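The next block holds one structure in the form of structure tokens; read it before the comments.
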Amino acid sequence: MKKYNFIRCSLFLVILVFLSFTNTTTAQNNSFIEGTISEISPINSDSLSVLPFANIVWKGTTIGTTSDENGNFKLKKIAQTNDLIISYTGYISDTLNTENQSFLKITLQSSSLASVTVEGNVGDVIVSQNEKITSSDLKKAACCTLSESFETNASVDATTADAVTGTRQIKMLGLDGTYSQLLVEGMPMMRGLNVRSGLGFISGTWVSSIDINKGAGSVVNGYESITGQINTQLISPKQKKEKNENLLNLYFNPNGRLEGNLNLIHHINSKWSSATLLHASGSVMENDRNNDSFLDLPKYRQLNALNRWKYEGKKFETQFGIRVLDENRFGGQLDYKPTSKNDIINSDISQQPYGVEMNTRRIEGWAKLGFFLGDNITLGNQITANHHELNQVWGQKFYEGKEDYFFYNGIFDITLSDKHLLRSGVSYVYNNTRQKYNDYQNEANQELILDREESIPAVFAEYTFNRDGDFTAVAGLRSDFHNLYGTQISPRLNLKWNAAKNTVFRASAGRGFRVANPIVENSRFLASSRKLILNNDLQPEIAWNMGVSFVQGFDIADRKGKITLDFYRTDFENQVVLNIENPSEIRFDNLTNNTDAKSYANSFQVQAEYELFDGFDMIFAYKYYDVKTTIENELVDVAYNAKNRFFTNLEYKTKNKKWAFDWTGQFIGSQRLPSSFDENNNNQIIASNESPAYFLMNAQITRNFKISTNPLEVYIGGENLTNYSQPNPILNTQNPFGQNFDTSNVYAPIMGTMGYMGLRFYF
């Protein structure tokens with residue numbers, strides 16, 4: 001009996017084990033992983049937009065599927081691996097572990113077709129080669145134009161507007177923004193005659209995000225990057241219709257600035273869509289708070305319109321668009337009225353008011369075409385062309401510039417495996433620049449002709465190695481065959497190492513070159529009695545940039561934070577040196593014309609970010625700049641450059657998201673000032689000295705409403721709440737055609753406190 005029971009129990013156990021094994025195997029073989037694939041919507045950062053036809057593949061195999069038109073997918077699990085690779089052209093691929101998972105919500109980060117983003121996940125802290133300014137970040141301030149979109153960001157310095165043009169510029173790594181490659185969706189559209197004013201020609205409401213890449217960037221985007229790349233992503237039409245994707249934005253400040261923006265998204269069918277972006281703005285009031293008879297801010301009128309189209313298919317996708325711009329801007333003395341060039345020249349100089357005019361006309365078109373030649377092969381094409389006209393008046397000085405520009409980039413991507421990517425291609429640049437400068441004030445009809453026709457074919461290759469996300473190397477080389485300046489070789493290297501769970505090291509090195517347009521890039525110095533002296537054989541600017549970065553993520557009281565330290569150095573082989581040490585001159589020369597000349601910029605930044613409690617985020621940063629160049633055989637600090645800067649941004653959003661409070665404070669250290677005439681205008685030269693340090697403070701409050709189902713955001717804010725302004729920014733205002741008149745000696749705000757209000761209505 002016992003033997004029978006033993007046999008029966010043994011048989012039962014065998015059957016139970018067999019059934020358990022069978023059930024486990026069956027469950028493994030028949031189980032599926034499901035999910036949805038989306039991206040953050042450029043219309044509203046709080047919503048998601050689905051990505052149809054994304055690739056989903058089990059790592060190390062060819063087994064996979066694609067998401068449907070709604071971004072959904074279902075894939076059978078396999079025994080070989082639990083790692084799933086999700087990829088989509090124009091987006092950063094992601095690898096996820098599906099163990100014990102049955103449903104995934106996947107969000108991919110957008111990148112330009114021709115940019116390389118080196119990204120890793122450090123706990124819950126995203127550490128990217130690019131610093132990303134999202135649409136939520138842009139709402140921390142009014143962000144009327146792209147030039148004003150960096151005021152709440154520590155990496156890019158938004159410089160003070162000058163006394164006559166009101167133009168705001170940027171700096172990065174201690175150097176002027178002209179040394180940063182300014183891209184729009186991976187294409188160089190803000191360059192040449194547009195490099196100075198282009199940031200003011202893109203409305204902040206047109207921007208969906210901004211990628212900031214310090215140091216050596218990708219060779220794919222061109223040769224002009226020296227201190228880094230700033231890539232702006234514009235509002236793009238989507239394949240699937242979204243709720244409240246259209247936007248009406250209105251802005252007003254008591255100084256007479258008015259703006260209106262209208263973003264309209266059009267859905268043609270499941271594959272075709274388009275977007276129309278409209279902008280109109282102007283400043284109509286006369287502001288002269290310091291009573292020096294000169295406008296503190298110029299009057300202007302700008303009309304700007306963009307229309308773009310998008311087609312998405314399984315094997316081919318394309319985007320193309322066109323933009324037109326017309327802006328008239330004038331400043332100077334209160335009594336000045338824009339008039340013809342001949343009237344200004346022929347009138348009695350002692351009787352006429354001093355005026356400044358800047359008139360810009362621009363039309364540009366672009367296209368991007370992507371072909372999916374296989375699971376691992378893509379061919380991308382970028383094409384852009386523009387015609388730019390710029391006419392300026394500076395008292396009795398006149399500048400006329402015209403530029404025709406064409407750019408083509410062909411990019412061939414081969415994914416050799418999940419660790420190896422090879423990117424190669426060809427590019428071609430044609431640039432025809434015609435410039436004429438007349439100075440009727442210093443000498444009778446002193447005329448300068450600056451015509452330049454460039455033809456630059458190029459080849460490039462870039463290799464990316466990614467070792468399971470913990471180490472990434474991107475090595476690139478491009479060769480540009482310049483018809484005027486010979487062959488230019490640009491090597492670039494970017495490295496990223498996840499040393500520990502919350503620790504990341506990055507390093508980069510590379511070479512860049514650019515052809516300067518010194519008059520346009522430094523035109524604020526023309527609003528003076530300075531005489532222009534220009535070397536007639538200016539050479540391209542060439543520089544090496546090297547940098548390292550360290551990021552440490554941390555948890556304190558279950559709150560995430562991170563600390564970032566970076567150091568970058570830029571060394572110039574040649575530079576077009578601006579010499580304003582003599583207050584009677586503005587001189588441009590090659591750095592290499594001086595014996596043993598040096599020019600460099602050292603940049604150190606430490607930044608801490610932390611969420612103190614739910615909805616309350618803090619950013620603190622300190623920057624130190626050591627920027628020197630050789631002028632007249634002496635190595636000196638670059639003028640108008642603060643060595644020390646402190647930055648703080650505090651943001652609080654209530655739990656119900658109805659209220660948002662933003663505060664930004666900046667301490668600007670002292671700056672070296674060049675020699676200038678004294679305040680009594682008696683032709684005595686004051687030796688170089690330093691400006692006082694000052695503190696700026698901006699704040700904004702936003703209230704979110706609902707009108708039916710349509711979101712409405714009403715915001716009110718203030719700039720320069722400390723009411724700090726520079727005394728006597730313009731020298732010799734009583735005699736602007738005299739020999740000691742100068743409007744360029746600006747190191748701080750001209751205007752004091754300025755309030756504003758506006759609304760964003762989504763429908």
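The values are calculated or read from the model by the stated rules, or taken from the named source; none is laboratory data. Bear in mind that the values here come from a model prediction, so they are computed numbers and not experimental data. Note that each Cβ is placed from the backbone with ideal geometry, even for glycine, and that neighbours are counted across all protein chains shown.
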For region 725-761, how many residues meet the condition of being touching a Pro at 6+ places or on another chain (Cβ under 7 Å), at pLDDT below 95 and closer than 30 Å to Thr205 by Cα?
3
Looking at Thr664, Thr595, Thr630, Thr648, can you tell me which residue is farther than 29 Å from Gly561 by Cβ, in the same structural domain as Gly228 (by TED's automatic domain parsing) and part of a strand (DSSP E or B)?
Thr630
In region 354-366, how many are closer than 26 Å to Gly321 by Cα and either crowded, with 18+ Cβ neighbours inside 10 Å or not assigned by TED's automatic domain parsing to the domain that holds Asp418 (or both)?
4
Show the residue pairs meeting these rules: Cβ distance below 9 Å; 6+ apart or different chains; first residue within region 700-715 and assigned by TED's automatic domain parsing to the domain that holds Ala141; second residue polar (S, T, N, Q) and modelled with pLDDT under 95.
Asn704/Asn656; Thr709/Asn244; Asn710/Asn244; Pro711/Asn44; Pro711/Asn244
Inside region 290-309, can you point out the residues that are among the charged types (D, E, K, R) and modelled with pLDDT of 95 or more?
Arg301, Arg308
Could you go through region 585-602 and let me know if any residue there is at pLDDT below 95, over 22 Å from the mean Cα position of the chain (by Cα) and aromatic (Phe, Trp, Tyr).
no
Which ones in region 370-389 are over 23 Å from the mean Cα position of the chain (by Cα) and farther than 15 Å from Val220 by Cα?
Gly370, Phe371, Phe372, Leu373, Gly374, Asp375, Asn376, Ile377, Glu389
Which of the residues that make up region 386-414 are out of contact with any Asp or Glu (no Cβ under 7 Å at 6 or more places or on another chain) and free of Cβ contacts under 8 Å to residues at least 60 places away in the same chain?
Glu389, Phe398, Glu400, Asp404, Phe406, Tyr408, Gly410, Phe412, Asp413, Ile414
In this structure, is Arg168 of a type in the set (D, E, K, R) and at pLDDT below 90?
yes
Give the residues of region 123-150 that are among the hydrophobic types (A, V, I, L, M, F, W, C), modelled with pLDDT of 85 or more and part of a loop (DSSP other than H, G, I, E, B), sorted by residue number.
Ala141, Ala142, Cys144, Phe150
Do we have any residue at all in region 410-422 that's touching a Leu at 6+ places or on another chain (Cβ under 6 Å), among the hydroxyl-bearing types (Ser, Thr, Tyr) and modelled with pLDDT under 95?
yes
Gln607 in a loop (DSSP other than H, G, I, E, B), assigned by TED's automatic domain parsing to the domain that holds Phe737 and surrounded by 19 or more Cβ atoms within 10 Å (Cβ to Cβ)
no
Among the residues of region 557-581, how many are surrounded by fewer than 18 Cβ atoms within 10 Å (Cβ to Cβ), more than 25 Å from Lys496 (Cβ to Cβ) and in contact with a strand residue (DSSP E or B) (Cβ under 8 Å, 6 or more places away or on another chain)?
4
Out of region 512-531, which residues are part of a strand (DSSP E or B) and either within 20 Å of the chain's Cα centre (by Cα) or acidic (Asp, Glu) (or both)?
Gly512, Phe513, Arg514
Need the failing condition index for Phe460 against (1) touching a helix residue (DSSP H, G or I) at 6+ places or on another chain (Cβ under 9 Å); (2) among the aromatic types (Phe, Trp, Tyr); (3) outside any strand (DSSP E or B), just the number.
(3)
Scan region 653-668 for residues that are closer than 30 Å to Ala748 by Cα and either without any contact (Cβ under 8 Å) to a residue 24 or more places away in the chain or aromatic (Phe, Trp, Tyr) (or both) and jot them down.
Phe661, Trp663, Phe667
By residue number, the members of region 409-430 that are under 23 Å from Glu389 (Cβ atoms) and aromatic (Phe, Trp, Tyr) are Tyr430
